[in-house]
1. Considering region 23-38 alone, what residues qualify as being under 16 Å from Ser53 (Cβ atoms) and over 14 Å from the mean Cα position of the chain (by Cα)?
2. Under the condition of being modelled with pLDDT of 85 or more and open to solvent by less than 80 Å² (accessible area, probe 1.4 Å), which residue from region 1-22 is nearest to the chain's Cα centre (by Cα)?
3. Six or more apart or on different chains, Cβ atoms under 8 Å: show the pairs whose first residue is in region 24-35 and surrounded by 11 or more Cβ atoms within 10 Å (Cβ to Cβ) and whose second is in a loop (DSSP other than H, G, I, E, B).
4. Just wondering, is there one or more residues in region 25-48 that are at pLDDT below 85, of a type in the set (Phe, Trp, Tyr) and part of a helix (DSSP H, G or I)?
5. So for region 50-59 (the condition being assigned to a helix (DSSP H, G or I), at pLDDT 85 or above, surrounded by 10 or more Cβ atoms within 10 Å (Cβ to Cβ) and among the polar types (S, T, N, Q)), does at least one residue qualify?
Amino acid sequence: MAETDEGGYNRKRAALAVLPFLLLGVADVLLLLGWGINPLWGFMILPPILFMSALAWIAFRSGFVGDRVVDDDPAVADVDHD
């Protein structure tokens, strides 16, 4: 499950894919705190940043991101309007 031949990701590659977004979110919190805004506002945006980073890590780790394949199922294909 962690690494497959079809392009699945392992934990290290998933962490490297999510790390820039996590660092950007933490930098945003630090910037808000540096501006002197009430610290409560800075830490209010931290849980959603951490939550979305964790969801993205799980998606990359499990290979969900790379498994977007369209079948030749006629129910999913475009309908002919003739």
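1. Pass one, region 23-38, residues under 16 Å from Ser53 (Cβ atoms): 23-30.
Correct list: Val26, Ala27, Asp28, Val29, Leu30.
2. In this case the residue turns out to be Val18.
3. So the pair list comes out as Gly25/Ile45; Asp28/Ile45; Val29/Ile45; Leu32/Ile45.
4. Yes, region 25-48 contains a residue that is at pLDDT below 85, of a type in the set (Phe, Trp, Tyr) and part of a helix (DSSP H, G or I).
5. Of all residues in region 50-59, those assigned to a helix (DSSP H, G or I) come to 50-59.
Cutting the leftovers down to at pLDDT 85 or above gives us 50-59.
Still in the running and surrounded by 10 or more Cβ atoms within 10 Å (Cβ to Cβ): 50-59.
Restricting the remaining residues to those that are among the polar types (S, T, N, Q) gives 53.
Scanning region 50-59 turns up at least one residue that is assigned to a helix (DSSP H, G or I), at pLDDT 85 or above, surrounded by 10 or more Cβ atoms within 10 Å (Cβ to Cβ) and among the polar types (S, T, N, Q).
The values are calculated or read from the model by the stated rules, or taken from the named source; none is laboratory data. From a predicted model like this one, the values you see are computed outputs, not experimental measurements. Positions of Cβ are backbone-derived with ideal geometry, glycine not excepted, and every protein chain shown enters the neighbour counts. Areas reflect the complete protein model, heavy atoms only, side chains present, ligands, DNA and RNA absent. Shrake-Rupley method; radii C 1.70, N 1.55, O 1.52, S 1.80 Å.
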